[in-house]
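The structure appears right after this line, and notes come after that.
The values are calculated or read from the model by the stated rules, or taken from the named source; none is laboratory data. Just so it is clear, the structure is predicted and the values come from calculations on it, not from any experiment. Cβ placement follows ideal geometry from the backbone for every residue including glycine, while neighbour counts extend to all protein chains displayed.
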Amino acid sequence: MILKAIEGLNEENGSNKSSISKYIESTYGGLPQGHKALLNLHLAKMKDSGELVFWKNNYTKRDPNAPPRRGRGRPPKAKESFLPGVMYSQPRPRGRPPKDPNGPPKPPQVKAFVGTGRPRGRPRKMSRPTGAFDGPLPLAVGTGGSGRPRGRPPKMKSTTLTEING
């Protein structure tokens with residue numbers, strides 16, 4: 001019915017949905033309630049299959065001499081044709097191949113010693129000196145120049161006991 005409506009209307013740039021719908025209603029009459037929804041569905045199917053061409057909100061019949069339309073995006077790779085009697089290798093699977101459990105054992109790794117004389121990693125913190133000291137206290141590293149150590153001071157326990165007489 002849709003193709004006959006487009007042929008019957010014979011418009012130069014094609015026919016839009018409303019003109020196709022009106023032509024079908026006037027020609028065939030007695031259409032169901034959901035006629036417009038069905039028409040939209042069938043027009044979309046015919047456009048996707050290539051029977052109709054949709055351009056500037058109008059539908060036209062496909063020209064048989066026109067080259068096939070290419071979709072959006074990159075075209076798919078051409079499939080290889082398989083010849084009978086020729087052995088083809090399986091495509092390689094993705095990812096790292098599994099380790100052979102029966103393979104040779106891995107040799108032990110020897111740590112290379114670099115002769116700098118320094119141990120690896122971050123150097124240890126220097127502890128505070130203990131004991132008697134006559135001069136002014138030196139500024140500790142990371143104190144911010146105030147002479148006090150960083151962080152919360154330790155809790156002091158009071159050594160004096162008070163008696164309560166009652």
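Of note:
- Filter result (under 35 Å from the mean Cα position of the chain (by Cα) and exposed (fewer than 12 other Cβ atoms within 10 Å of the Cβ)) within region 31-44: Leu41
- Residues of region 1-19 that turn out to be aliphatic (A, V, I, L, M) and over 11 Å from Thr60 (Cβ atoms), as a count: 3
- Residue in region 58-65 that is acidic (Asp, Glu) and at pLDDT below 85 present: yes
- Boolean, Asn102 is in contact with a Phe, Trp or Tyr (Cβ under 9 Å, 6 or more places away or on another chain) and at pLDDT 85 or above: no
- Total residues in region 1-60, condition within 27 Å of Gly71 (Cβ to Cβ), aromatic (Phe, Trp, Tyr) and touching a strand residue (DSSP E or B) at 6+ places or on another chain (Cβ under 9 Å): 2
- Residue that is surrounded by the fewest Cβ atoms within 10 Å (Cβ to Cβ) [pool: residues in region 49-73 that are closer than 17 Å to Asn10 by Cβ and without any contact (Cβ under 8 Å) to a residue 24 or more places away in the chain]: Asp63
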